Amino acid sequence: MLPKLVTPKYDMIVPSTGETITYRPYVVKEEKILLIALESKDDKLIEKAVINIIKECIESPINIDELTTFDVEFIFVTLRSQSVGEGIKINPPCEHCEEPNEVLINLDKVSVINLENKVDKHIKLTDDISVDLKWHTMKDRVEDLQKKTETETVINMIATSLETIYSGEDTFVVKDAPKKEVLEFVESLNNDQFSEIVDILANAPHLNYDVNFNCKKCDKENSITLNGLIDFFQ
């Protein structure tokens, strides 16, 4: 019988909970899954590959679907740093002439911003009706990507961000309500109510990395910010 290689184990902290989890770096088998997804240039397949790799490599009991999107993004960036090294190359286009430029990203310097902001996720819609919001989970994100139009995506994003609805003395846990009724509730919001929810969600924690470079073609200065996981696969 051939020998088996021993893979080292590491710990990391889940940003939203402070929980310590144990993981191993991903190996060629998982790298293959990622490379195939990247070749497709399909965001849905890339995010699916990321989730599958995390499930394979996290050795602590954890429900990936219930993690926030920024948890999953941070976990994967940490995994990638230990698996292929802290430096990765991306090719963002120049903001001025659109020429692709190779830039080295230090994954160890990627951070989650807005994590310390104490955002009030309780919104009073009317005198009788209010809602509690939650940050999107990866399960919500995958569902959003399945929508065909931008309008459908935004409405679904609001629907999946609702955690609890209060009406007078009644309390409704949104995850237990029929999806059709939740969507109807969102579609009944007026513009101000809708915008208030969108503004709060826009302040959700997310990955952040600032990139500065001079274009190799036009020599003009570029300053861009990488915000989400897909940005790190340009």
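Confirm whether residue 67 is in contact with a strand residue (DSSP E or B) (Cβ under 9 Å, 6 or more places away or on another chain), of a type in the set (A, V, I, L, M) and under 19 Å from residue 35 (Cβ atoms).
For residue 67, the condition - in contact with a strand residue (DSSP E or B) (Cβ under 9 Å, 6 or more places away or on another chain), of a type in the set (A, V, I, L, M) and under 19 Å from residue 35 (Cβ atoms) - is not met.
Per-residue answers, yes or no, for (1) at pLDDT below 95; (2) surrounded by 13 or more Cβ atoms within 10 Å (Cβ to Cβ); (3) under 21 Å from residue 69 (Cα atoms):
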residue: 121; (1), (2), (3): yes, yes, yes
residue: 132; (1), (2), (3): no, yes, yes
residue: 139; (1), (2), (3): yes, yes, yes
residue: 142; (1), (2), (3): yes, yes, yes
residue: 145; (1), (2), (3): yes, yes, yes
residue: 148; (1), (2), (3): yes, no, yes
residue: 211; (1), (2), (3): yes, yes, no
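May I ask you to verify whether residue 56 is over 30 Å from residue 192 (Cβ atoms), at pLDDT 90 or above and either in a helix (DSSP H, G or I) or in contact with a Lys or Arg (Cβ under 7 Å, 6 or more places away or on another chain) (or both)?
Answer is yes for this residue.
Does the stretch 99-110 hold any residues that are within 27 Å of residue 202 (Cα to Cα) and either free of Cβ contacts under 8 Å to residues at least 12 places away in the same chain or loosely packed, with under 14 Cβ neighbours inside 10 Å (or both), and which are they?
Selection gives 106, 108, 109.
Please note which helices (runs of 4 or more DSSP H) are completely contained in the stretch 122-234 and include at least 1 residues that are closer than 30 Å to residue 92 by Cα.
Those helices (runs of 4 or more DSSP H) span 138-145, 150-161, 191-202.
The values are calculated or read from the model by the stated rules, or taken from the named source; none is laboratory data. If you're wondering where the values come from, they're calculated on a predicted model, not measured in any experiment. Using ideal geometry, Cβ is built from the backbone for each residue, glycine included, and neighbour counts are taken over all protein chains shown.
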